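Quick notes on the structure that follows.
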Amino acid sequence: MKNFVQAGDTLTVETPAGGVLSGDCVLIGKLFGVAAYTAPATAPLEIMCEGVFDLPKADGAAFAAGDAAYFDAATKTIGAQA
């Protein structure tokens, strides 16, 4: 296929303000991923957009298989979506 660029499970983005640690949740606009390594602010950063990860859960959130979830950028946790 002539227009294929890459698989898309890992994307390169600019590291957000404050930098990130390996495994941190990263939200760029509406693009969510998990940092593949530690990087300082504005450096190129690879985020994983597919896969299974253990992520910090919001206090009181309960999940069942298949439930919708969202990332709360203020608390840097995953919450259950109603």
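The values are calculated or read from the model by the stated rules, or taken from the named source; none is laboratory data. Keep in mind that this is a model prediction, so the values were computed, not measured. Here the Cβ positions follow ideal geometry from the backbone for every residue, glycine too, while neighbour counts run over all protein chains shown. In case anyone asks, the SASA skips ligands and DNA or RNA and just uses the protein heavy atoms, side chains included. Shrake-Rupley method; radii C 1.70, N 1.55, O 1.52, S 1.80 Å.
Looking at segment 10-23, which of its residues are in a loop (DSSP other than H, G, I, E, B) and of a type outside the set (S, T, N, Q)? Outline the logic, then answer.
Just the residues of segment 10-23 that are in a loop (DSSP other than H, G, I, E, B), to begin with: 15-19, 21-23.
Listed by number, the residues that qualify are P16, A17, G18, G19, L21, G23.
Please go through segment 10-29 and pick out each residue that is among the aliphatic types (A, V, I, L, M), surrounded by 10 or more Cβ atoms within 10 Å (Cβ to Cβ) and free of Cβ contacts under 8 Å to residues at least 24 places away in the same chain. Can you show your working first?
Residues of segment 10-29 among the aliphatic types (A, V, I, L, M): 11, 13, 17, 20-21, 26-28.
Checking the rest, the ones that are also surrounded by 10 or more Cβ atoms within 10 Å (Cβ to Cβ) come to 11, 13, 20, 26-28.
Matches in segment 10-29: V26, I28.
Name the single residue, out of those in segment 24-41 being in a loop (DSSP other than H, G, I, E, B) and touching a strand residue (DSSP E or B) at 6+ places or on another chain (Cβ under 6 Å), that is farthest from A74 (Cα to Cα).
At the first step, the residues of segment 24-41 found to be in a loop (DSSP other than H, G, I, E, B) are 24, 29-30, 36-38, 40-41.
Subsequent filtering for residues that are touching a strand residue (DSSP E or B) at 6+ places or on another chain (Cβ under 6 Å) retains 24, 36.
Details: D24: 13, A36: 21 Å.
It comes out as A36.
All but one of (1) out of contact with any Leu (no Cβ under 6 Å at 6 or more places or on another chain); (2) outside any loop (DSSP other than H, G, I, E, B); (3) not basic (K, R) hold for I78; which doesn't?
(1)
Listed here are the residues, each with its yes/no results for (1) in contact with a strand residue (DSSP E or B) (Cβ under 6 Å, 6 or more places away or on another chain); (2) modelled with pLDDT under 95; (3) open to solvent by 40 Å² or more (accessible area, probe 1.4 Å); (4) assigned to a loop (DSSP other than H, G, I, E, B).
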| residue | (1), (2), (3), (4) |
| --- | --- |
| G8 | no, yes, no, yes |
| L45 | yes, no, no, no |
| D54 | no, yes, yes, yes |
| G66 | no, yes, yes, yes |
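Go through segment 18-74 and count every residue that is over 9 Å from the mean Cα position of the chain (by Cα) and aliphatic (A, V, I, L, M).
Residues that pass the stated criteria total 18.
Among the residues of segment 30-43 satisfying the criterion of being open to solvent by 70 Å² or more (accessible area, probe 1.4 Å) and without any contact (Cβ under 8 Å) to a residue 24 or more places away in the chain, which is nearest to A69 (Cα to Cα)?
Only one residue fits best here, namely K30.
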